[in-house]
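Peer 1: Let me give you the structure first, and then I'll get to my questions.
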Amino acid sequence: MGFAEWLRNNLVAGSDGPGIPDTSPAARRPQWMRDGMRAMEIAGADDLRVVGLPGHQNVLWSIVGRDVPGLVRQDIHGLLVAEHGNPFDRHAVAVWVGGHRVGKLPDDDASRLRPGLIRLQRQHRRAVALPGHVGGDQSDGLGVYLTYDANAFGLS
């Protein structure tokens, strides 16, 4: 069995493999994150705002299109990644969109959601994705806004 086949068998739900790891190294694209990977969507009515975006504006504009006049709103899915080894926040949860790290959850949200995120990943052997959108304009920049189900994360 080749490496690509091993990854496919071990990182896709429904296989006999262990699924994705609980956490991934900070600031690096996790090895398990690849094109075509499957993720579990946790949709809901609870709102999350992604922070740490100023350095990622170019990536966000590439997602929505650089020549969009006026207000922008592009639907996306944000993949949550519990980071380990983050020197600034031991509870860090990064947000990835389109294979790019675009920010993180605010510290208070990350510390509340991280245990549920890890539980969901273990239970379903899939990455967790939240629906949301990239929104903003040329003058104020773009932001990432996600929604989730607090009950699914054990926060009822």
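Peer 1: Please find, among 59, 81, 68, the residue that is assigned to a helix (DSSP H, G or I) and either touching a Pro at 6+ places or on another chain (Cβ under 8 Å) or farther than 20 Å from residue 150 by Cα (or both).
Peer 2: After ruling out the rest, the residue left standing is 59.
Peer 1: Moving on. What's the total number of residues in the range 36-56 that are touching a residue at least 24 places away in the same chain (Cβ under 8 Å) and in a loop (DSSP other than H, G, I, E, B)?
Peer 2: Selection size over the range 36-56: 9.
Peer 1: Okay, next question. For residues that are free of Cβ contacts under 8 Å to residues at least 24 places away in the same chain and surrounded by fewer than 20 Cβ atoms within 10 Å (Cβ to Cβ), scanning just the range 104-137, find the one that is farthest from residue 52 (Cα to Cα).
Peer 2: Ranking the candidates gives 123 first.
Peer 1: Scanning for something surrounded by 13 or more Cβ atoms within 10 Å (Cβ to Cβ), among the β-branched types (Val, Ile, Thr) and closer than 21 Å to residue 46 by Cβ, does the range 72-83 turn up at least one residue?
Peer 2: yes
Every number in this text was worked out from the coordinates using simple rules, so none of it is lab data. All values reported here derive from a predicted model rather than from experimental measurement. Methodologically, a virtual Cβ is constructed for each residue, glycine included, from the backbone with ideal geometry; neighbour enumeration extends over all protein chains shown.
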